[in-house]
Amino acid sequence: MAERTEKLLLLDTASLYFRAYFGVPESVKAPDGTPVNAVRGLLDMIATLVTAHRPTRLVMCWDDDWRPQFRVDAIPSYKAHRVAAEVPGTTGAEEVPDTLAPQVPIIAEALALLGIARVGVPGYEADDVIGTLVAREVAKSDPAVVEVITGDRDLFQLVDDTVPVRVLYTVRGIRDLMTVDQAVLKEKYGVPSGPAYADMAALRGDPSDGLPGVPGIGEKTAAQLIHRYGSLVGILAARDAGDAGLTATQRKRLVEAADYLQVAPAVVRVAPDAPVGTIDDRLPTVVADADGLVALAEKWGLSSSVKRVVDALALG
């Protein structure tokens with residue numbers, strides 16, 4: 001039998017545990033009454049993904065910093081509407097439901113006991129960890145197939161058919177993921193590649209992230225301009241040259257947004273070079289701490305979900 005192709009699964013952990021929290025009833029509780037719906041939902045997602053996609057490697061990518069200083073310095077409105085409280089020396093505490101916040105450490109502990117790699121980097125978002133791990137894989141002479149699991153469209157910028165790098169988007173749920181490749185980018189957004197999607201996103205903006213975009217230039221117009229000029233750099237060169245392909249209104253809007261467009265790409269694009277250390281991302285077939293995992297499962301009433309993950313890993 002031919003050796004199975006290497007496959008690397010990169011999970012946008014916060015995106016998934018938020019989805020689990022809102023998708024699994026809060027009535028799912030531990031024996032002491034603590035809600036564990038996000039923990040159970042995420043563990044069930046991992047079991048489903050491992051069983052369905054059979055990765056050889058897997059990383060749970062973590063937000064060590066949900067609102068990095070370098071992005072706030074560039075665009076102060078970045079995620080500002082999601083700040084729950086000002087915290088000196090930080091960019092603020094994220095607004096997180098009261099019954100979700102206590103579940104996050106349980107998730108981290110469960111992953112450690114399972115032996116599944118969990119990677120975050122101070123000063124960077126999970127998106128940047130994913131972008132860095134993708135860049136490292138792409139640079140290899142024999143890269144693995146990479147699948148990014150997320151509910152965040154920002155990561156569409158990583159799509160690359162040549163590796164391939166695909167985004168499995170949770171728009172329809174974890175059992176019915178939308179596979180995003182370059183054909184989907186072209187069909188749905190009118191852009192030919194991942195980098196072109198990032199350029200389009202910078203022009204369009206994103207209210208959910210506090211990115212204003214260029215007023216009057218929406219997704220469709222942004223895609224048309226990228227099609228005409230190839231990239232954001234090409235669009236700005238056309239603006240500065242007074243190219244006749246831009247209408248007077250478009251040029252005016254691009255000129256008025258010059259300060260924003262100078263800094264937006266560095267905010268929108270995920271970092272390809274975050275200081276991620278050497279990690280063991282091999283998918284474990286045996287858990288790291290069986291006794292600890294049993295104790296955690298009993299304490300939080302997670303035995304069925306933990307068993308599903310353990311059984312999925314054993315299939316490797």
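The values are calculated or read from the model by the stated rules, or taken from the named source; none is laboratory data. All values reported here derive from a predicted model rather than from experimental measurement. Cβ: placed from backbone, ideal geometry, glycine included. Neighbour counts: every protein chain shown. Side chains are part of the model used for accessible areas, which takes the heavy atoms of the whole protein and leaves out ligands, DNA and RNA. Shrake-Rupley method; radii C 1.70, N 1.55, O 1.52, S 1.80 Å.
Please give the contour-minus-distance gain from A183 to V28: 0.36 nm per residue of separation, less the Cα-Cα distance, rounded to one decimal in nm.
Numbers: separation 155, 0.36 × 155 = 55.80 nm, distance 3.99 nm.
Gain in length upon complete extension: 51.8 nm.
State log₁₀ I(q)/I(0) for the stretch 194-268 at q = 0.19, 0.25, 0.26 Å⁻¹ as given by the Debye formula over alpha-carbon point scatterers of equal weight, solvent excluded.
At q = 0.19, 0.25, 0.26 Å⁻¹ the computed log10 ratios are -0.68, -1.25, -1.36.
Quickly work out the D311-to-R54 label distance, labels modelled 7 Å from Cα along the C-beta direction, and quote it in nm with one decimal.
1.8
Once every DSSP H run of n ≥ 4 in the chain is given -39500 (n - 2.57) and the sum is divided by its residues, what mean residue ellipticity at 222 nm do you get, rounded to the nearest 500 deg cm²/dmol? It would help to have the intermediate numbers written out before the result.
Working: 13 runs with 142 residues, N = 316.
After summing the helix terms and dividing by residue count, I get -13500 deg cm²/dmol.
In the Gaussian network model of the chain, springs joining C-alpha atoms below 10 Å, which of P284, P207, P35 carries the largest mean-square fluctuation?
Checking each option, the largest mean-square fluctuation is seen for P207.
Anyone know which of K79, K220, K188 comes out most mobile in the 10 Å Cα GNM of the chain?
K188
Tell me which label goes with the value of volume of the Cα convex hull per residue in Å³ computed from the coordinates here: (i) 133; (ii) 145; (iii) 113.
The calculated read-out lines up with (ii).
Could you tell me which of rounded, prolate or oblate describes the stretch 84-209, using a ≥ b ≥ c as the square roots of the eigenvalues of the alpha-carbon gyration tensor, with rounded for a/c under 1.5 and, failing that, prolate when a/b is larger than b/c and oblate otherwise? Mind dumping the intermediate values first?
Details: a/c = 1.77, a/b = 1.37, b/c = 1.29.
Verdict is prolate for the stretch 84-209.
May I ask what percent, to the nearest 5, of DSSP beta bridges between residues of the chain are antiparallel?
Values: 9 of 27 bridges.
Given both bridge residues lie in the chain, the antiparallel proportion sits at roughly 35 percent.
Per residue and in cubic angstrom, what volume does the convex hull of the Cα atoms of the stretch 201-316 have? Intermediate results must be reported in sequence, preceding the final value.
Values: hull volume 23.0 nm³, N = 116.
Here the figure is 199 Å³ per residue.
Given the options T48, T91, T249, state which has the largest fluctuation in a GNM of the chain using a 10 Å cut-off (strictly under) for Cα springs.
In the Gaussian network model the winner is T249.
Specify the inter-centroid distance of the stretch 27-76 and the stretch 254-282, based on alpha-carbon positions, in whole Å.
Here the answer is 22 Å between Cα centres.
Enter the accessible area per residue of the chain (Å², integer; probe 1.4 Å; all protein chains in place). Walk me through the intermediate numbers first.
Details: 14420 Å² over 316 residues.
With all protein chains present, the chain gives 46 Å² per residue.
Taking square-rooted eigenvalues a ≥ b ≥ c of the alpha carbon gyration tensor, is the stretch 1-150 rounded, prolate or oblate, where a/c under 1.5 means rounded and, failing that, a/b exceeding b/c means prolate?
Oblate, since a/c reaches 1.5 and b/c is not below a/b.
Tell me which of A74, A112, V286 sits at the most positive position along the dipole axis of the chain, charges placed on C-beta atoms (Lys, Arg +1; Asp, Glu -1).
Farthest towards the positive pole: A74.
Would you please name the GluC sites (Glu not before Pro) within the stretch 1-76 that are DSSP coil residues with at most 11 other C-beta atoms within 10 Å of their C-beta?
The qualifying sites are E3.
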